[in-house]
Amino acid sequence: MTDERPQGLLISPIRSGTVIDHITAGQALNVLRILGITGTTAESVSVATNVASGLVGKKDIVKIENRELRKEEVDRIALIAPNATINIIREFVVAEKKGVETPAELSGVVRCPNPGCISNTAEPARSRFIVTPNGLRCHYCDWLVTKEIAEHIL
Amino acid sequence: MRHIISIRDLDRAAIDGFLDAAAGIEAKRYDPELLRGKILGILFFEPSTRTRMSFESAMARLGGVSLTMGSVEDSSVAKGETLADTIRVVSGYVDAIVLRHPREGAARLASEFASVPVINAGDGAGQHPSQTLLDLYTIRKSMPIDGVRVGLLGDLRYGRTTHSLAMALSLYGAEIAAVAPKGLELPSGIVRELADRGTAVTEYSAIEDVIAHLDVLYVTRIQRERFPDAASYLDVASSYRITPELIARARPEMIVLHPLPRVDEIDPRVDALPNAKYFEQAHHGVSVRMAMLGEVMG
Ligand SMILES: Nc1ncnc2c1ncn2[C@@H]1O[C@H](COP(=O)(O)OP(=O)(O)OP(=O)(O)O)[C@@H](O)[C@H]1O
Ligand SMILES: [Mg+2]
Ligand SMILES: [Zn+2]
């Protein structure tokens, strides 16, 4: 019976594009930031935050029309929403579904929070982080980024 | 090509290799012509007379020659050249580079642009592996490093020598006691990393509480610049003064180390005690750096 309830009340179906589902609750706006989507860009985007998910949890969802994600974008999303699912929609149906995966190393993704780090200078040093169980470790200065990773994403 | 950038890159076998080589060198079992015809480039973007001189001495004792970059003000750096470019150019002049730079990670960057080995001689608040190797060497001269109980005292927040020493000690199952003034404690990231490496750090608020249990007391300077005013500095500094009276409460075999220069944190009366090893420690810098130069160029 509840299946009959029109979903479009909250978010209307899209013909083609990407649905990023199971985003860590509260991270949807950071996902938009990673994708470079602001109020002034052209995409048609819907965002749902703190949607009930599973029996107890909450999640955010982002739906973008006519856009597929690049690998660098997915790598960044993985940092702040490790359980996200990327659904590619074609002709209104889910044509592809994949999880996100944090790579072992991140290049050019995160800015080192250490102001003294050589990667924060005019030197030709691209930001580079090693992904460890405790957080992201700067390849240059060994600084460990453990929290508020979203704030440091380039 | 072998670079020496961070203690984190070295496993126990590599560290023991350097210490064994340094021991052979100290016993005069080395070839004084080993680096004949080799040129060492010494690039110090930050002054450090001692470290520079001990590398120059090490190179000379192995028959090699050092070229030292002049002051930064007179160099191409003053014209805005990047470190990466300087390193690429100097790589063509020398057989290895020793770098000291005010920025953390500078040596790692240099190693990516150099066509010769790079040895990190200190990068900002970051790593200074030759200091750690000579600290370990000095400990090993007095006792086995395995399971050693080390007290780290002083500015443990900004003091890079204590961070890399603690990392290295974790390879030897050492126990670490940390005594730091409020606000200058070991950074939590370092404590966590040490825990991952199997080393628990116990924090004490006063050195008196732990001194009787230590094999090694490693003292560092508390920098006046870290305090808002002279009074609060003196307050803290006076509470971290190592005196003969304090050492009387320690085990007789306990050794006192300090990366030098010291200011007020060790009473000069301590110098005459058999526990004081900090000047020997400084002298070992040459043997240890000879071992490092031999490793990368020999
Ligand atoms: N045409 C569409 N327009 C907008 N959103 C859609 C469209 N099709 C599916 N979705 C959304 O994409 C997500 C994945 O859809 P799917 O049908 O695979 O759901 P699911 O079976 O719950 O998937 P999962 O097992 O990943 O949770 C859901 O949030 C769904 O609401
Ligand atoms: Mg679902
Ligand atoms: Zn860094």
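The values are calculated or read from the model by the stated rules, or taken from the named source; none is laboratory data. Quantities reported herein were computed from a predicted structural model and do not represent experimental measurements. Glycine gets a Cβ as well: all are built from the backbone with ideal geometry, and neighbour counts include every protein chain shown.
Here is a check on your reading of the model: is B:VAL288 of a type in the set (Val, Ile, Thr) and under 30 Å from B:ASP31 (Cβ atoms)? Break it down into steps so the answer makes sense when it comes.
Details: of a type in the set (Val, Ile, Thr): yes; under 30 Å from B:ASP31 (Cβ atoms): yes.
Considered against the rule, which asks whether it is of a type in the set (Val, Ile, Thr) and under 30 Å from B:ASP31 (Cβ atoms), B:VAL288 comes out as yes.
Determine whether A:GLY108 is touching an Asp or Glu at 6+ places or on another chain (Cβ under 6 Å) and away from ligand 2 (no atom under 16 Å from the Cβ). Outline the logic, then answer.
Values: touching an Asp or Glu at 6+ places or on another chain (Cβ under 6 Å): no; away from ligand 2 (no atom under 16 Å from the Cβ): yes.
Answer is no for this residue.
Is it true that B:GLU33 is within 14 Å of chain A (Cβ to nearest Cβ) and either in a strand (DSSP E or B) or among the acidic types (Asp, Glu) (or both)? Walk me through it before giving the result.
Values: within 14 Å of chain A (Cβ to nearest Cβ): no; either in a strand (DSSP E or B) or among the acidic types (Asp, Glu) (or both): yes.
No; evaluated as a whole, the condition is false for this residue.
Spot the failing condition for B:GLY37; the list is (1) small (Gly, Ala, Ser); (2) surrounded by fewer than 18 Cβ atoms within 10 Å (Cβ to Cβ); (3) under 17 Å from the mean Cα position of the chain (by Cα), and only one is missed.
Here B:GLY37 clears every test but (3).
Which members of region A:136-154 meet the condition of being facing another protein chain (nearest Cβ under 8 Å) and over 17 Å from B:ALA125 (Cβ atoms)? Step through it out loud before you land on a result.
Kept after step one, since they are facing another protein chain (nearest Cβ under 8 Å), are these residues of region A:136-154: A:138-144, A:146.
Hit for region A:136-154 is A:THR146, nothing else.
Among the residues of region A:37-65, which ones are within 16 Å of ligand 2 (Cβ to nearest atom) and in a loop (DSSP other than H, G, I, E, B)?
Correct list: A:GLY54, A:LEU55, A:VAL56.
Of all residues in region A:98-147 being of a type in the set (Asp, Glu) and within 28 Å of A:THR18 (Cβ to Cβ), which is surrounded by the most Cβ atoms within 10 Å (Cβ to Cβ)? Even if it seems obvious, please write down each step before you answer.
Residues of region A:98-147 of a type in the set (Asp, Glu): A:101, A:105, A:123, A:142.
Imposing the further condition that a residue be within 28 Å of A:THR18 (Cβ to Cβ) reduces the set to A:101, A:105.
On the way: A:GLU101: 10, A:GLU105: 12.
By that ranking, first place goes to A:GLU105.
Quick one: how many residues across region B:58-68 are surrounded by 16 or more Cβ atoms within 10 Å (Cβ to Cβ) and in contact (Cβ under 8 Å) with a residue 24 or more places away in the chain? I'd like the intermediate steps shown before the answer.
At the first step, the residues of region B:58-68 found to be surrounded by 16 or more Cβ atoms within 10 Å (Cβ to Cβ) are B:58-62, B:64, B:66.
Remaining after also requiring in contact (Cβ under 8 Å) with a residue 24 or more places away in the chain: B:58-59, B:61-62, B:64, B:66.
Final tally of qualifying residues: 6.
I'd like the full set of residues that are crowded, with 21+ Cβ neighbours inside 10 Å and more than 10 Å from ligand 1 (Cβ to nearest atom), limited to region A:18-33.
Passing the criteria: A:ILE23, A:GLN27, A:ALA28, A:ASN30, A:VAL31.
Which of the residues belonging to region A:39-57 are over 22 Å from A:ILE89 (Cα atoms) and either hydroxyl-bearing (Ser, Thr, Tyr) or away from ligand 1 (no atom under 16 Å from the Cβ) (or both)?
The answer is A:GLY39, A:THR40.
If I ask for residues that are under 21 Å from B:MET59 (Cα atoms) and without any contact (Cβ under 8 Å) to a residue 60 or more places away in the chain, which ones from region B:90-109 would you list?
Quick first cut of region B:90-109, residues under 21 Å from B:MET59 (Cα atoms) only: B:90-101, B:107.
Passing the criteria: B:VAL90, B:SER91, B:GLY92, B:TYR93, B:VAL94, B:ILE97, B:VAL98, B:LEU99, B:ARG100, B:HIS101.
Criterion first (farther than 30 Å from B:ASP85 by Cβ, among the hydrophobic types (A, V, I, L, M, F, W, C) and outside the structural domain of A:ASP21 (by TED's automatic domain parsing)) does A:VAL145 satisfy it?
no
Is it the case that B:HIS128 is under 19 Å from B:ALA22 (Cα atoms) and at pLDDT below 95? Walk me through it before giving the result.
Numbers: under 19 Å from B:ALA22 (Cα atoms): yes; at pLDDT below 95: yes.
Judged against the criteria, B:HIS128 is a match.
Please specify each residue of region A:83-97 satisfying the condition of being exposed (fewer than 15 other Cβ atoms within 10 Å of the Cβ) and either under 14 Å from the mean Cα position of the chain (by Cα) or free of Cβ contacts under 8 Å to residues at least 60 places away in the same chain (or both). Explain how you work it out, then say what you get.
Kept after step one, since they are exposed (fewer than 15 other Cβ atoms within 10 Å of the Cβ), are these residues of region A:83-97: A:83, A:90-97.
Across region A:83-97, the qualifying residues are A:ASN83, A:VAL93, A:ALA95, A:GLU96, A:LYS97.
Across region B:54-111, what is the total count of residues that are charged (D, E, K, R), assigned to a helix (DSSP H, G or I) and within 12 Å of chain A (Cβ to nearest Cβ)? So that I can check it myself, show each step before the final result.
At the first step, the residues of region B:54-111 found to be charged (D, E, K, R) are B:56, B:61, B:73-74, B:79, B:81, B:85, B:88, B:95, B:100, B:103-104, B:108.
Going one step further and asking which of them are assigned to a helix (DSSP H, G or I), we end up with B:56, B:61, B:73-74, B:79, B:85, B:88, B:108.
If we keep only those that are within 12 Å of chain A (Cβ to nearest Cβ) too, we end up with B:85, B:88, B:108.
Residues flagged as charged (D, E, K, R), assigned to a helix (DSSP H, G or I) and within 12 Å of chain A (Cβ to nearest Cβ) within region B:54-111 amount to 3.
For region B:264-283, check the following and say yes or no: at least one residue is part of a helix (DSSP H, G or I), hydrophobic (A, V, I, L, M, F, W, C) and closer than 20 Å to B:HIS163 by Cα.
In the first step, residues of region B:264-283 are kept if they are part of a helix (DSSP H, G or I); the result is B:268-272, B:278-283.
From what's left, hydrophobic (A, V, I, L, M, F, W, C): B:270, B:272, B:279, B:282.
From what's left, closer than 20 Å to B:HIS163 by Cα: B:282.
Yes, that holds for at least one residue.
Restricting attention to region B:118-141, and to residues there that are within 8 Å of the chain's Cα centre (by Cα) and more than 13 Å from chain A (Cβ to nearest Cβ), which single residue is nearest to B:ILE255 (Cα to Cα)?
Filtering region B:118-141 for residues that are within 8 Å of the chain's Cα centre (by Cα) and more than 13 Å from chain A (Cβ to nearest Cβ), the one nearest to B:ILE255 (Cα to Cα) comes out as B:ASP135.
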